[in-house]
There are 2 protein chains.
Amino acid sequence: MSKEIHNNNSGLVKDIIIGMSDGLTVPFALTAGLSGVLNTTHLIIVSGLAEIAAGCISMGLGGYLAGESEEYDTELQREYNEIETAPQLELQEVEDILTNMGVEQTLSKQVALQISKDKNRWADFMMKLELEMEKPSKNRAAKSASTIALSYLVGGFIPLFPYIIIHDSKQALYLSCIVTIIALIIFGYLKSKATGQPIVKGTLKVTVTGIVAATAAFLLAKAVS
Amino acid sequence: MSKEIHNNNSGLVKDIIIGMSDGLTVPFALTAGLSGVLNTTHLIIVSGLAEIAAGCISMGLGGYLAGESEEYDTELQREYNEIETAPQLELQEVEDILTNMGVEQTLSKQVALQISKDKNRWADFMMKLELEMEKPSKNRAAKSASTIALSYLVGGFIPLFPYIIIHDSKQALYLSCIVTIIALIIFGYLKSKATGQPIVKGTLKVTVTGIVAATAAFLLAKAVS
């Protein structure tokens, strides 16, 4: 069954990756930045929680409302209109697409005529091959939004919890760095596996992004304080 | 030229939308949240700057390194391997895809044979129509990353600057709400135009997401303080 070993990079895994990437990185960097200018952790926790709430809602609700399916529907409607008002042009476009794929012109014409017998298939063909747009799955939007938000939440609590259990901000920072870097390595490894990237390179990229963001936030916070 | 009025939803506009959505929302919500628990603005500014730095780097560098093109290359290589090792199966898949489009079986077979004469076109066909993956543009990655980061930066400074020019956190919050909500409305309007969504609905969605995120962060920060 070697046919079936394509990466089943399902929507769920993608959503977890989207939420977790930012969730691990931004709260880590923000709390690290503040730990450089605050001695106790109370305000770091408040900031961290406010950031996690903001990030969850921006990514989750924002993504849910982003209207990808409306964008698709608008373009699809335009294709149907074009099929109605300029069928010869649209037919020619199907032919041209097939010819560009290496199909002989006479055969392209026959295939185009067959596809154009069903307007739904015709419009679908144009969406995929002219506009290169994939149909967004409508009933996945809510599930996708909550997966992204939850992954952001889980990711965000990993760098934050050391500040909740340790009162001294410097010591909390050390623990936060340790657990977050370990989490970034594990997440980077799983992400590389899921997306078929080279493991070491993929893991390094995720980890380095988190460390660079935290270092930048730390130095910037120090500089302006 | 009615053929050409499809939304030219270019990569640049998409990148600006990606960066600006989060840039306007998260720093707005974070600073609003902190303004509820801090009387002066100094720490709000530090937090806001740290967050903007973290967000820029997470979205920009993170997006740059995300390895979409590597994921595509991995799958493409797999298609080439399958074409080498199981050409009959792959040929059957091309046929099936065409048959599902409404093309007669005998014609599908002919077309599949013609496409399979050129392995690059064959693999390209499978990527587009079996895996529904679009080829990511490699030399756009760096430009895309910097556009996203810059848009996040610009978006983030809109809610933050009132705290820089006004010392009292409550008054700064009022000004931040006014300018950010105006910015969200303008951005929502432009985003709706660019993505072909209904203007009023699209504008409302963007604005509501920002307001909900800021309200949640404000209430959460109050609750834990």
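The values are calculated or read from the model by the stated rules, or taken from the named source; none is laboratory data. This one's a predicted model, so the numbers in the text were calculated from it and none came from an experiment. Glycine also receives a Cβ, built like all others from the backbone with ideal geometry; neighbour counts cover every protein chain displayed. Heads up: the accessible areas ignore ligands, DNA and RNA and are worked out on the full protein's heavy atoms, side chains in. Shrake-Rupley method; radii C 1.70, N 1.55, O 1.52, S 1.80 Å.
Compare the peptides A:191-200, A:23-32, A:76-85, B:84-93 by average per-residue count of other Cβ atoms within 10 angstrom and give them in order, highest first. Let's see the in-between values first.
On the way: A:191-200: 17.5, A:23-32: 31.3, A:76-85: 15.4, B:84-93: 13.7.
Per-residue mean Cβ counts within 10 Å order the peptides as A:23-32, A:191-200, A:76-85, B:84-93.
Averaging 1/r over every pair of different alpha carbons in chain B and inverting the result gives a Kirkwood radius of 20.8 Å. At an R0 of 41 angstrom, the distance between the Cβ atoms of B:E84 and A:K222 translates into a FRET efficiency of 0.15. A simple count of charges around A:V103, restricted to other residues whose Cβ falls under 11 Å of its Cβ and scoring Lys, Arg +1 and Asp, Glu -1, yields -1. Taking a sphere under 14 Å around the Cβ of A:A216 and counting the other residues whose Cβ falls inside, with K and R at +1 and D and E at -1, yields a net charge of 0.
Placing R0 at 22 angstrom, the Cβ-Cβ distance between B:L113 and A:K117 gives a FRET efficiency of 0.45 after rounding to 0.05.
Here A:D168 sits with roughly 70 square angstrom of accessible surface, probe radius 1.4 Å.
For peptide A:213-221, the mean count of partner chain Cβ atoms within 10 Å of a residue's Cβ comes to 6.
The stretch between A:Y189 and A:V154 holds 10.9 nm of extra length on full extension. This uses 0.36 nm per residue minus the Cα-Cα distance. When the surface is traced with a 1.4 Å probe over the full set of protein chains, A:V212 keeps roughly 60 Å² accessible. Across peptide A:123-133, the average count of Cβ atoms from other chains found within 10 Å of a residue's Cβ is 2.
Given a 1.4 angstrom probe, what's the average accessible area per residue across chain B, in square angstrom? Display every interim value, and only then the final one.
On the way: 10130 Å² over 225 residues.
On a per-residue basis, 45 Å².
B:V94: net charge of surrounding residues, Cβ under 11 Å, Lys/Arg +1, Asp/Glu -1, itself excluded? The answer is -3.
Report summary: the helix-based calculation at 222 nm, which adds -39500 (n - 2.57) for every DSSP H run with n ≥ 4 and divides by the residues of the protein assembly as shown, gives -27500 deg cm²/dmol.
For B:I186, the solvent-accessible surface with a 1.4 Å probe is about 100 Å², rounded to the nearest 10. Projecting the Cα atoms of A:A223, A:N100, B:L65 onto the dipole axis of the protein assembly as shown, where Lys and Arg carry +1 and Asp and Glu carry -1 at the beta carbon, places A:A223 farthest toward the positive end. For peptide A:96-108, the mean count of partner chain Cβ atoms within 10 Å of a residue's Cβ comes to 4. What separates the B:T74 label point from its copies, with the point 7 Å along Cα to Cβ, is 3.4 nm, written shortest first.
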